Every structure is written in C-alpha cells, then in structure tokens.
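Q: First, the structure itself, so that you have it in front of you.
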Amino acid sequence: MAGIYFHFPFCKKACTYCNFHFSTVLKNKNNLIQAMFLELNLRKDFFESEKIESIYFGGGSPSIMKANQIGEFILKVKELFKVSNSVEITLELNPEDASMEYLEELIKFNVNRLSVGVQSFFNDDLKLINRVHDSKKASEALYQVKKVFENFSIDLIYGLPNSNLLKWKKNLRKALSFNPPHLSCYALTVEPKTMLSHQIKLGKVKPVNESLIKDQYDYLIGFMESLGYENYEFSNFSIQGKHSINNTAYWEGKSYLGIGPAAHSFDGNLVRSWNINQNNNYIKAIKNKKLPLRLEKLSKKDRYNESVMTGLRTSKGISLDNIKKHYGESYFNYLKINSEKKIFSNDLYWRDGNLCVSKESKFLTDGLASELFIL
C-alpha cells in the first residue's frame, strides 16, 4: 500500500488556528500547479513496486483548484505510477466551493471521496476562527455533497474558545443528521505564531480548559459508538468499510509521496523528507529540475517510538509480533515490561497479542505512548 499527497498551499482567508504552509495571495497559483506537475515527473521513481491505494488533495484549500486541474493530476499519477483499480481519491472541500456543477465535475474526473471542512455549525465559532463559510452554507454544501458523493467525511473541531458541552453535542448531532460515512474530530491546538495564539496573549480570546476538552472528547466517543461508528483512530470514526485509506496508511507507517511546497514524504522504512515551504523558491528549483528537499534519516529508536505512538492511536493497537519482527527482542521486552504498570492501572490492555488503550483512557493516549518511548 502506498499513497500520494498533493499539498495545494493557497487559501481565500487565513484561519486563525492554522500553522500549515499556505498563502492568501492567489496570483501565483497557476505557476505553482505547473511546478507540481513537473515535480511528479521528477519523483516518478519514488516507489519501487507498491501500488498507489490513495491519492489525496490537501492544503491549504485544494477546492480552489478547477476540477479539470485536479483531473489532470489524477491522470498524471496513473501515467507515472502503478495505481490500484480501487484507489481512494480524496479532495478536501471547503463548503463555499460546493456548487453542484463543481461536484459533478469532480466525479467525472474520478474523485470518489470528499473531506468537507465544516469545523462548526455555529456562526460565532466560524467567525472566531475566520472561516469563509457560515452555518447555512455548511448545511447547503453537505446536502449537495450527499446528492453526488456516496463516500464523504465531515471535519469538526472541539475545544474551541467560547464552546461548552451542550454546543458540542449540538454540533455532533447536526453533523450526524447528514449520515456521513466518516467523521474526523480534532481538538483545537493553539500553535505558536498563529493569529489565535496572538489573540489569546492579548486577552482577546479565552481558551477553554483541559477538563472541558476531555468532556467533549469523552462524549464524542460514547455518542459515535452508540450510532455504530468505529473509532478506528483517535480522531477518526467510520461506518464499516469506510475507513480513510489515506489515514490508515499514515498510521500504519506505509510509504507516501508528498508533492508541493512543504509536502512530506516517507519511504516506509527510515527516510523522511519534505519540500521547502517557500512557494517561489519551490517553483524556481523545480523549473531547474532540482528537488527542493530536506532529508531526515530516522534511527531504529525513532521508528520504534513512532510505531508506539501511531499504534496506540488506532483501534488495532500495537502489534507485539511486529515490534519483535522489526525491532528485535530487546525492544519487544522493553515494551512488554514497561506496559505492565499501565495494564495494572487499566489504562492499557492486551487484545489478540496487541497492546491497546482502554476506552476510559483514550483521551490520555499521547501521554501513555510517551511513557513507552525509548529516550
């Protein structure tokens, strides 16, 4: 299994919480799209024999692109790489871009899954985080999406300033009224150097406390379970057969190729790489047939720690057999011994040879994983 990720680094507006690489100056976007096509050609030998199971358009706001531009990327991938007949092709869609004409064109160009960036159905939340759409547009977009796409996901954020548990319950119920096959819910993270961080420092915005974030997450887990959704990864829920292949490949440590400024790649073994995050320098380098890459070779310890972190975040848990196979007896024994205290405290448990997080301790997953790291 392998995947290709396209990072389209343009947005109409800057969300206050976002620390991804993007620009709200759109005049250079066509030059950048051309450079991304050239990069695909330069990276055609990245995969050895793996079939592409996932093509993902993220950003930024990739739904700013015309449908035929997205279609051309898909055709290029199929020309250069081995692509599965059942490949999942996902586009991150902003609600304001969800016209019926656009959605039908996406289907025509073989996009078969959408991730709709709603974030909240409350106008005060959307205004606070500087989204383009409002609550009405979010609902209209989802009605349109349901008419055209069988497979789609809704993105929501919990832990927003001025939120409470009742508001979060209403957000979830509204989202689930559209019967999405998949739901992604992320806790708001206040990243340094973002507008939100600046607003909090000035006292213009008051962040919520950790206990409310936990209450919102715990309610999320119980609510989604009651409706028959599987919490297959810490932040992701799906009905049977609708896991995101893109997400699953990432959490299982599969290889993926990132195209575009600031896009990350991983060879599935020890080498991680990422493109520079300056659009003009990226375009210049690619035109000169040079890859503007930074490389990092991971140590065995780094990969083990990543396997622990990503494994615990999934419903499958950490496979002890895989730890022994990939890292050896000493890593296997270290994990087994160091997990005993957390098993005794009911934070972790064994299931079919896999180490999993208990339902009651899911909110603590990242902290539990860090206690099993080799430092």
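The values are calculated or read from the model by the stated rules, or taken from the named source; none is laboratory data. Keep in mind that what you see is a predicted model, and the values were worked out from it rather than measured. Because the Cβ atoms are built from the backbone with ideal geometry, glycine has one as well, and the counts that use them run over all protein chains shown.
Q: Residue under question is Leu298, and the condition is that it be of a type outside the set (Asp, Glu) and at pLDDT below 95; does it hold?
A: Considered against the rule, which asks whether it is of a type outside the set (Asp, Glu) and at pLDDT below 95, Leu298 comes out as no.
Q: Of all residues in segment 172-187, which are under 16 Å from the mean Cα position of the chain (by Cα) and within 25 Å of Pro207 (Cβ to Cβ)?
A: Leu183, Ser184, Cys185, Tyr186, Ala187
Q: Can you pull out the residues in segment 106-127 that are under 14 Å from Asn171 (Cβ atoms), touching a Ser or Thr at 6+ places or on another chain (Cβ under 9 Å) and surrounded by fewer than 22 Cβ atoms within 10 Å (Cβ to Cβ)?
A: Phe122, Asn123, Asp125
Q: Across segment 30-58, which residue is surrounded by the most Cβ atoms within 10 Å (Cβ to Cβ) among those that are within 23 Å of the chain's Cα centre (by Cα) and basic (Lys, Arg)?
A: Across segment 30-58, the extreme among qualifying residues is Arg43.
Q: May I pose another question? Of all residues in segment 237-264, which are more than 14 Å from the chain's Cα centre (by Cα) and under 15 Å from His7 (Cα atoms)?
A: Leu257, Ile259, Gly260, Pro261, Ala262
Q: Moving to a separate point now. Among residues belonging to segment 128-137 that are buried (at least 17 other Cβ atoms within 10 Å of the Cβ) and in contact with a Leu (Cβ under 8 Å, 6 or more places away or on another chain), point out the one that is farthest from Ser211 (Cα to Cα). Give the steps one after another, and end with the answer.
A: Step one: list which residues in segment 128-137 are buried (at least 17 other Cβ atoms within 10 Å of the Cβ), which gives 128-129, 131, 133, 135, 137.
Among the residues that remain, those that are also in contact with a Leu (Cβ under 8 Å, 6 or more places away or on another chain) are: 128-129, 133, 135.
Working: Leu128: 21, Ile129: 22, His133: 29, Ser135: 27 Å.
Among those residues, the one meeting the criterion is His133.
Q: Please give the helices (runs of 4 or more DSSP H) falling wholly within segment 270-375 in which 2 or more residues are among the aliphatic types (A, V, I, L, M) and either free of Cβ contacts under 8 Å to residues at least 40 places away in the same chain or at positive phi (or both).
A: On the way: elements: 279-287, 300-313, 320-327, 329-344, 365-370.
Helices (runs of 4 or more DSSP H) meeting the threshold: 320-327, 329-344.
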